[in-house]
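Bear in mind that the values in this text are calculations on the coordinates, not laboratory data. Values in this document were obtained by computation on a predicted structure and should not be read as measured data. Every residue, glycine as well, gets a Cβ built from its backbone with ideal geometry; the counts of neighbours run over all protein chains shown.
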Amino acid sequence: MSIFYILSKLFTYLVLPPGIFIIILFVASFYAKKFRFLFLFFAFAFYLFSNSFVANALLSPLEKPFNQNIHTDKRPIAVVILGGGDMPGSLNLPLGNDAFKRAIYGVMLAKSNKLPVLFTGGGLNKKHSEADSFMDSMKEISNSFNVPMPTSSKIILGKFSLHVEAKSLSTYENAKYSKEKFKTLGIAKPTIYLVTSAYHMKRSMLLYEYFGFDVIPAATDFKISHRPSVIWDYLPNIGAFNKSYMALHEYFGLLSLKLRGI
């Protein structure tokens, strides 16, 4: 390991955010006449949430239950894929990273089981919804790899095809509007494969079950790396901070559902 590699790594972790913010807060605590404890507290908290070990510890209870192959005797009638962001105006594949992984895995699952796909996601862009980005991405894949991606306005049971719901702005609305789609088919309690990121699955299942679905979890987009630890994992990094944010967002979401009686 060369000295230049070590220096570049240290620069990345300590000079770029979030490392630089932690250093500023820590140094400021020595000069602050008041609230010194708060500076130290925020520096320490910032470091913890930017640490890979803490981030993985926060994510583990959310992801671990779903990091296994699907085994079920149930007979699902469809695959429901939850949106996860998009990048309107992108030259190609406009779905966001999380949403793209969900879409690919969900379509693979549906095609191998000859089931219809319902992608649910609207977004704030009224001219081009996340559902539009899904269809654009699938069209690119279909054209490039010569893989048929049939679509229709109504869900066709027992046949692989793509369908979208483009109104929802939250996971609650994903479940609500998904149920409306199946109600039009006269199905009160649909059994589905639910596809979303592993860290998001627990909350998603609660909401879909609340709206009367029989859910078979089909998680993807796992965030925890199971590689051996290295020394750089002890240093603050933006990737770990982002993972901590996602985990905390889910915990607050689960708390919100509990308070609402869901």
Subject >> Label-point separation, VAL147 to TYR5 (7 Å along Cα→Cβ), nm >> reply: 3.6
Original post:
At a Förster radius of 45 Å, what calculated FRET efficiency corresponds to the Cβ-Cβ distance of LEU38 and GLU180, to the nearest 0.05?
Top reply: 0.40
Original post:
Where is the GNM fluctuation largest for the chain (alpha-carbon springs, 10 angstrom cutoff): VAL107, VAL164, VAL147?
Top reply: VAL147
Original post:
Gaussian network model of the chain, Cα springs within a sub-10 Å range: biggest mean-square fluctuation belongs to which of THR12, THR184, THR72?
Top reply: THR72
Subject >> Modelled label reach - LYS127, point 7 Å along Cα→Cβ, region 77-113 residues with backbone N closer than 18 Å >> reply: 86-92, 94-95
Subject >> Helix 130-145 axis, angle to the chain major axis (alpha carbon atoms, nearest 10°) >> reply: 80
**OP:** With θ set to phi - 60°, apply the Karplus curve 6.51 cos²θ - 1.76 cosθ + 1.60 along region 109-121 and write out the HN-Hα couplings as whole Hz, x wherever there is a Gly or Pro.
**Re:** 5, 5, 5, 5, 10, 6, 10, x, 10, 10, 8, 10, x
**OP:** For region 1-76, just say rounded, prolate or oblate: build the C-alpha gyration tensor, square-root its eigenvalues into a ≥ b ≥ c, call rounded for a/c under 1.5, and beyond that prolate if a/b exceeds b/c, oblate if not.
**Re:** oblate
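Region 79-166: which trypsin sites (Lys or Arg not before Pro) are DSSP loop and have at most 15 other beta-carbon atoms within 10 angstrom? If you can, show how the numbers build up before the last one.
Details: sites: LYS101, ARG102, LYS111, LYS114, LYS126, LYS127, LYS139, LYS154, LYS159; in loops: LYS114, LYS126, LYS127, LYS154, LYS159.
Here the trypsin sites (Lys or Arg not before Pro) that fit, given the DSSP loop and packing criteria, are LYS114, LYS126, LYS127, LYS154, LYS159.
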Original post:
So, in Å, what gap is there between the alpha-carbon centers of region 203-262 and region 19-37?
Top reply: 31
**OP:** Please give the length that would be gained between LEU259 and LYS114 if that part of the chain were fully extended, namely 0.36 nm times their separation in residues minus their C-alpha to C-alpha distance (nm, one decimal).
**Re:** 48.3 nm
Original post:
Quick one, which of (i) 71, 47, 35; (ii) 68, 46, 39; (iii) 55, 39, 31 is the actual Cα extents along the principal axes in Å calculated for this model?
Top reply: (ii)
Original post:
Percent antiparallel among DSSP beta bridges with both residues in the chain, to the nearest 5?
Top reply: 5
**OP:** Starting from region 6-67, pick out the trypsin sites (Lys or Arg not before Pro) whose DSSP state is loop and whose Cβ has at most 10 other Cβ atoms within 10 Å.
**Re:** LYS33, LYS34
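With a ≥ b ≥ c taken as the square roots of the eigenvalues of the C-alpha gyration tensor of region 126-262, please select rounded if a/c is under 1.5 and otherwise prolate if a/b is larger than b/c or oblate if it is not?
Numbers: a/c = 2.18, a/b = 1.34, b/c = 1.63.
Cα axes put region 126-262 in the oblate bin.
Can you compute the FRET efficiency between LYS74 and SER229 using 1/(1 + (r/R0)^6), with r the Cβ-Cβ distance and R0 = 30 Å? Round to the nearest 0.05.
Values: r = 38 Å, r/R0 = 1.28.
About 0.20, to the nearest 0.05.
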